[in-house]
Every structure is written in structure tokens, then in C-alpha cells.
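Here is the structure we will look at.
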Amino acid sequence: MLFNFTKMHGLGNDMILIDDREEKIRNINEFARRILHRNTGVGADNLLIVRKPSLPGADIRMLILNNDGSEAEMCGNGIRCFVKFIIEKGIVPAPDVSVETLSGIKKTHAELSDGAVVRIGVNMGEPKLDCADIPVSAEGDFLQKSLYSHGRRFVVSCVNTGIPHTVVFVDDVDLTDVEYYGRDIEHSPIFPKRTNVDFVQVIDRENIIMRTWERGCGSTMCCGTGACASAAACILAKHTERRVNVHVEIGTLGIEWLPDNTLYMSGPAATVCEGVYHYE
């Protein structure tokens with residue numbers, strides 16, 4: 001069977017997008033593993049599938065698959081790519097789109113220039129801090145706590161911004177082995193659903209640097225939900241103001257903690273190429 005696809009990226013976090021409103025993809029988990037494979041498939045961090053909404057108030061539904069075939073509740077970079085895709089393909093009208101995800105309906109706003117989407121803002125909702133909501137096998141919150149990995153002590157904060165994140169504060173992200181520690185922390189027994197791991201270096205009151213080990217994907221160049229979690233953790237620790245620039249490998253995301261207690265993320269999305277995938 002042939003499937004038209006578009007490859008996109010959000011600051012280096014690459015995605016494959018497929019319009020499957022007719023639900024021709026049957027086993028989405030196996031399909032994701034195969035198309036996302038970087039040697040035998042198209043290759044990307046995530047697969048985003050367009051489906052008709054199932055919840056009232058949603059304009060469209062987004063399914064998110066990791067390259068190990070697992071389904072994710074939310075993807076910050078993914079939703080920006082998704083909104084650009086569905087607007088530019090004429091699937092939904094611009095500029096405001098309500099997107100159904102496994103973590104709820106996300107309200108988005110697209111900025112356009114000459115008909116092209118150049119920047120997308122997303123209200124990511126309220127960050128969850130209670131251990132039961134992240135989840136973490138502890139009580140209360142898990143902010144500024146000690147966590148050991150390979151014998152090294154880290155100060156971490158756990159935040160759920162649609163998916164679970166563990167923010168690890170380090171002095172220098174470039175001197176931190178993201179894979180070595182990230183893989184170990186992801187599978188720590190205190191995280192019953194595993195965790196995404198964000199290594200954060202605070203630059204000043206308005207700027208941080210982030211590197212991410214993504215649950216089910218590995219090291220990624222950017223993570224939108226991770227940027228939100230990292231900003232929230234820094235704000236709660238009083239390291240930064242409530243508006244934070246999160247610098248990743250090839251760009252910057254803007255994160256603001258609004259007075260209504262929701263996090264607002266803004267950033268770009270880019271189209272790489274289009275093609276046809278032959279799925280047997």
C-alpha cells in the first residue's frame with residue numbers, strides 16, 4: 001500500500017506526517033516502527049497521524065508515535081509541525097486550531113506570511129507537579145530532589161507537561177553525556193511509565209540551554225514538552241523569570257508561564273520534503 005507523507009522538523013526534532021482521516025493504517029504501532037527506521041524506512045523521531053476528532057471542541061486529532069512503536073500522549077515540537085501541515089494542506093482553516101491529543105485538547109495559533117505558517121503558538125496547559133500525576137513513585141512533589149545515576153548525584157525536578165519529564169540541572173550541558181545518563185534515568189525504577197530526561201544549564205534569568213533524552217526515541221535535537229517542563233522547573237526553583245528562552249542545538253523556543261497557570265510555547269516548524277512510502 002502507498003502512503004503520501006511529508007517530512008518536517010521542529011528545531012531538528014524530525015517528524016513524518018500522514019493524513020489518515022480515512023484510517024487506512026491498521027496497525028499504527030508496527031507501521032510507525034517501520035516508517036521511522038532510519039536505515040530501512042523514511043527515518044524520523046516521530047510519526048504524526050492526522051485523524052478526525054473524537055472529542056467535542058476539537059477541530060482535528062493528532063496521533064503521536066515514537067520510533068519504538070509506542071504511542072505518546074503529547075509532543076510539543078510535533079504539534080507545531082502538525083498545525084503547519086494541516087493548515088497548509090487545507091485540512092483546517094487558519095489561524096486558530098484546537099488539536100485533540102491523548103493529553104487533552106490543545107489550543108494553537110498560527111502566524112502566517114504569504115499563506116505559509118511561519119510560527120506556531122501552543123497553550124500547553126497547566127504543568128502537573130504531583131508525583132501521582134507524573135507519575136513518580138513518591139508522595140507530594142518531586143522538585144529539587146536528589147537522584148543518582150551511575151553513581152553520580154543529580155538535582156532534579158519532575159514535571160508532567162503532557163508527558164512525564166525529569167529536569168536534570170547541570171553546570172555544562174556540553175560536558176554531560178546525555179545518552180549515558182539519560183538512558184539510565186529514563187528506566188529508573190521510580191518512574192513506573194519511564195520518563196523523558198532534560199539536562200538543563202541556566203545561563204541567566206531569561207535563558208537556559210537544554211539537551212533531551214526522549215523516552216522511546218533517544219537523544220533528540222529539541223523537545224517542546226521538555227522545554228516547557230525545563231522552564232517550569234527553573235521558574236519554580238527561582239532560577240529564572242516567568243518568560244524563558246530555551247536554547248536547543250539549532251534554535252530557541254519561547255516559553256511563558258501565564259497568570260492562569262498554563263504554559264505557552266511558541267516556535268517554528270519547517271517542511272523538509274514530501275514523498276510516497278511503500279508499505280508492505
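The values are calculated or read from the model by the stated rules, or taken from the named source; none is laboratory data. As the structure is a computational prediction, the values presented were derived from the model and not from experiment. Using ideal geometry, Cβ is built from the backbone for each residue, glycine included, and neighbour counts are taken over all protein chains shown.
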TODO: Test each condition in (1) out of contact with any His (no Cβ under 9 Å at 6 or more places or on another chain); (2) surrounded by 19 or more Cβ atoms within 10 Å (Cβ to Cβ) for residue 159 and report the one that comes out false.
DONE: (1)
Task: Filter result for the condition that a residue is aliphatic (A, V, I, L, M), closer than 15 Å to residue 228 by Cβ and in contact with a Ser or Thr (Cβ under 9 Å, 6 or more places away or on another chain), over 167, 202, 155, 178 - done: 167
Open item on the list: Show me the strands (runs of 3 or more DSSP E) found entirely inside the range 207-280 where at least 1 residues are more than 23 Å from residue 186 (Cβ to Cβ).
Closed with: 207-214, 243-248, 251-257, 263-267, 270-278
Task: Hey, residue 183 out of contact with any Cys (no Cβ under 8 Å at 6 or more places or on another chain), surrounded by 15 or more Cβ atoms within 10 Å (Cβ to Cβ), over 26 Å from residue 238 (Cα atoms) and basic (Lys, Arg) or not - done: yes
Task: Residue among 39, 66 that is within 16 Å of residue 277 (Cα to Cα) and not aromatic (Phe, Trp, Tyr) - done: 39
- [ ] State whether the residues of the range 10-20 include one that is outside any strand (DSSP E or B), free of Cβ contacts under 8 Å to residues at least 24 places away in the same chain and out of contact with any Asp or Glu (no Cβ under 9 Å at 6 or more places or on another chain).
- [x] no
Open item on the list: Of all residues being in contact with a strand residue (DSSP E or B) (Cβ under 6 Å, 6 or more places away or on another chain) and under 16 Å from residue 75 (Cβ atoms) in the range 8-27, which is surrounded by the most Cβ atoms within 10 Å (Cβ to Cβ)? Just the residue, please.
Closed with: 13
TODO: Examine the range 127-141 for a residue that is on the phi > 0 side of the Ramachandran plot and touching a residue at least 12 places away in the same chain (Cβ under 8 Å), and state whether such a residue exists.
DONE: no
TODO: Count, please, the residues in the range 28-78 that happen to be part of a helix (DSSP H, G or I), free of Cβ contacts under 8 Å to residues at least 60 places away in the same chain and crowded, with 17+ Cβ neighbours inside 10 Å.
DONE: 4
Task: Any chance residue 221 is touching a Leu at 6+ places or on another chain (Cβ under 8 Å), at pLDDT below 95 and of a type in the set (A, V, I, L, M, F, W, C) - done: yes
Open item on the list: Take the conditions under 28 Å from residue 47 (Cβ atoms), in a strand (DSSP E or B) and of a type outside the set (Phe, Trp, Tyr) and apply them to residue 158. Does it pass?
Closed with: yes
Open item on the list: Among (1) among the charged types (D, E, K, R); (2) in contact with a helix residue (DSSP H, G or I) (Cβ under 9 Å, 6 or more places away or on another chain); (3) free of Cβ contacts under 8 Å to residues at least 24 places away in the same chain, there is one condition residue 260 misses while meeting the rest; what is its number?
Closed with: (2)
Open item on the list: With the requirement that a residue be crowded, with 18+ Cβ neighbours inside 10 Å and at negative phi, what does the range 108-126 give you?
Closed with: 108, 110, 117, 120, 121, 122, 124
